[in-house]
1. Check cross-link reach from A:K123 to the lysines: straight Cα distance under 16 Å, and skip same-chain residues fewer than eight apart.
2. To the nearest µm²/s, what D does Stokes-Einstein give for the stretch B:10-80 at 37 °C and 0.692 mPa s, using the Kirkwood radius over alpha carbon pairs as Rh?
3. Is it possible to state the helix-based mean residue ellipticity at 222 nm for chain A, with each DSSP H run of 4+ residues giving -39500 (n - 2.57), the sum divided by total residues, to the nearest 500 deg cm²/dmol? What is it?
4. Residue separation times 0.36 nm, minus the C-alpha to C-alpha distance between A:D56 and A:V29: what's the value?
5. Sum -39500 (n - 2.57) across every DSSP H segment of at least 4 residues in chain B, then divide by the residue count to get the 222 nm mean residue ellipticity, nearest 500.
6. Please compute the modelled spin-label separation between B:V53 and A:E11, points set 7 Å along Cα→Cβ, answer in nm with one decimal.
7. So for the protein assembly as shown, taking the charge dipole from beta-carbon charges (+1 Lys/Arg, -1 Asp/Glu), which of A:I9, B:L43, A:F41 sits furthest toward the positive end?
8. Taking Rh as the Kirkwood radius computed over C-alpha pairs, what is the Stokes-Einstein D of the protein assembly as shown at 20 °C in a medium of viscosity 1.002 mPa s, expressed in µm² per second?
Amino acid sequence: MNSILSKEIFENQTKHIKGRLLEARQWRVNEMSHPILDVTFLSSTRRPLRIKMKCDRYDELPASIEILSEDGSFLMKPPTGTNVINVGAHSVTGRPFICSPGSFEYHTHSGHTNDLWENYKNKSDYDLGGMLTQIHNAWSKTTDVP
Amino acid sequence: MSTNTEKEKKENDIEVAVVTTSGSFPEEGFEKVSIHQKVMVILKKAQEKLKIVSTDKWVAKVGGRIINPDSSYVENNLSGTITIDYGPSEGGGGV
């Protein structure tokens, strides 16, 4: 995919991730520069969760989403209580993954290869901000408290 | 010095902002509306202004608490100045 076009789509979909949205959701942006969108979810009632979206070939391909601890290391025991975060090993990466349409790991998982990215691409619920929001809403229901 | 009518009006108003990853409504500051107005009214305005095609699976929260858009602010126990966090509810593949 043309990297200039990918960058343009990335910047268009992330331009509103700022200001009072970050305050309301208690999000901390660690990096937001194509091809990386790296955000930490904070809360007084649960352990922080860091989500790193790698968008090298976005949106020809969906973003690859890493589930990290606050320090940036892979979280091998992510919070439980939501089926968005699959705590099992992904068939390709071997790590826990975001099991939701719109993530590269979902669409490449052996159980979902028939559910194509094209079914979701260009829908606001599944753009970069939409995916981050979905994961945040899922995380807010997890039962993994400090 | 404010009159009783002004005081009553102030008590019946709420200042609201809606934030999404597609932008905020209003862009700056807050919209003053009646506490008896349904929350859905400002969510629809935000959807139109921010050109969001569909909000069918979206959820509205204030301070992390899910609110009912079909009820009024007062029915949702909301008052003062609030920011509504509006966005898509989680999906999930369930492998």
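1. In chain and number order, the partners are B:K51, B:K57.
2. Once the numbers are plugged in, D ends up at 264 µm²/s.
3. Dividing the helical sum by the residues of chain A leaves -6500 deg cm²/dmol.
4. 7.9 nm
5. Rounded to the nearest 500, the figure is -6000 deg cm²/dmol.
6. 2.4
7. A:F41
8. Using the Kirkwood radius from Cα pairs, D works out to 114 µm²/s.
The numbers here are math on the coordinates, done by the rules we state, and not lab data. In this text the structure is predicted, and so the values were computed from the model without any measurement. In this analysis, Cβ positions are derived from the backbone assuming ideal geometry, glycine residues included, and neighbour counts consider all displayed protein chains.
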